[in-house]
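Below: the structure, in structure tokens.
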Amino acid sequence: MKIALDVDGVLADVIKSWLHYNNNRRKTITKNEITEWDFWKKFAIKPDQFDNELSLCWRSWEQIPPTENKLSSAVCELTNLGTVDIVTAREHSTNTYVKSWLKTQNITYHKYISVEDGKKKAELNYDIYIDDSPINAEQIANIGKNILLYSQPWNLAIHDSRIKRIEKLMDAVKIIKEQKF
């Protein structure tokens, strides 16, 4: 079994770092106010500007917290169930920082796959995807692949029986073990 595991929003809570960056420069935004994937639009932030700022946050990768406690244990459990690859969409200049973060967090994985656009993930050959993007989740579900959506404020509007929602990574372990797709 091949498992595609996302980084931003699933393993790394990079939005916390971005909020700290943003809140020192613009109107204060809380994580719970980020209720859409492209939330930056309602705050009049240009997409390129947001992407650049997110990449800037990764340059300070030591400051990025994990999304949950005992993350490495949960990922280790996933590796006992199949081959886990990190599959992330990002600016390639941040890959070194992300790999350093993964190493520091003791996250084990087989391969590191970086695509320029999240929509490309669905084209890859995986049995199960674990992601936080509602756009990726719907696209993956639409082609009949298994998707576990890691709950975040920006994906709570997704209610699709083909998409299984998880609150923590150990939920994914349980679903995969019990093959509840």
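The values are calculated or read from the model by the stated rules, or taken from the named source; none is laboratory data. What you see is a predicted model, and the numbers here were worked out from it, not measured in a lab. Glycine also receives a Cβ, built like all others from the backbone with ideal geometry; neighbour counts cover every protein chain displayed.
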Subject >> Neighbours by Cβ (under 7 Å, 6+ apart or cross-chain): first from the stretch 65-78, closer than 13 Å to LEU102 by Cα; second of a type in the set (A, V, I, L, M) and part of a helix (DSSP H, G or I) >> reply: LEU71/LEU169; VAL75/LEU169
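Kindly indicate whether LYS42 is charged (D, E, K, R), loosely packed, with under 12 Cβ neighbours inside 10 Å and either part of a loop (DSSP other than H, G, I, E, B) or out of contact with any helix residue (DSSP H, G or I) (no Cβ under 6 Å at 6 or more places or on another chain) (or both).
For LYS42, the condition - charged (D, E, K, R), loosely packed, with under 12 Cβ neighbours inside 10 Å and either part of a loop (DSSP other than H, G, I, E, B) or out of contact with any helix residue (DSSP H, G or I) (no Cβ under 6 Å at 6 or more places or on another chain) (or both) - is not met.
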Subject >> Residue count for the stretch 137-162, restricted to those that are in contact with a strand residue (DSSP E or B) (Cβ under 7 Å, 6 or more places away or on another chain) and either buried (at least 19 other Cβ atoms within 10 Å of the Cβ) or of a type in the set (Phe, Trp, Tyr) (or both) >> reply: 10
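Pick from the stretch 163-181 the residues that are part of a loop (DSSP other than H, G, I, E, B) and modelled with pLDDT of 95 or more: which of them is surrounded by the fewest Cβ atoms within 10 Å (Cβ to Cβ)? Spell out how you get there, then give the answer.
Quick first cut of the stretch 163-181, residues part of a loop (DSSP other than H, G, I, E, B) only: 167-168, 179-181.
If we keep only those that are modelled with pLDDT of 95 or more too, we end up with 167-168.
Details: GLU167: 10, LYS168: 16.
That would be GLU167.
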Original post:
Restricting attention to the stretch 60-70, which residues are exposed (fewer than 13 other Cβ atoms within 10 Å of the Cβ) and within 17 Å of ASN24 (Cα to Cα)?
Top reply: SER60
Original post:
Does the stretch 14-39 hold any residues that are in a loop (DSSP other than H, G, I, E, B) and charged (D, E, K, R), and which are they?
Top reply: ARG25, ARG26, LYS27, GLU36, ASP38
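Can you tell me which residue within the stretch 111-136, out of those that are assigned to a helix (DSSP H, G or I) and among the hydrophobic types (A, V, I, L, M, F, W, C), is modelled with the highest pLDDT? If you could, list the steps in order and put the result at the bottom.
Filtering the stretch 111-136 down to residues assigned to a helix (DSSP H, G or I) leaves 118-123, 134-136.
Next, from what is left, pick out any that are among the hydrophobic types (A, V, I, L, M, F, W, C): 122, 135.
Working: ALA122: 91, ILE135: 95.
So, considering only residues that are assigned to a helix (DSSP H, G or I) and among the hydrophobic types (A, V, I, L, M, F, W, C), the one modelled with the highest pLDDT is ILE135.
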**OP:** Please work out which one of (1) buried (at least 18 other Cβ atoms within 10 Å of the Cβ); (2) within 25 Å of THR96 (Cβ to Cβ); (3) over 18 Å from the mean Cα position of the chain (by Cα) is the condition HIS20 fails and give its number.
**Re:** (1)
**OP:** Please find, within the stretch 137-153, the residue that is nearest to ASP8 (Cα to Cα) out of those that are in contact with a helix residue (DSSP H, G or I) (Cβ under 6 Å, 6 or more places away or on another chain) and in a helix (DSSP H, G or I).
**Re:** PRO153
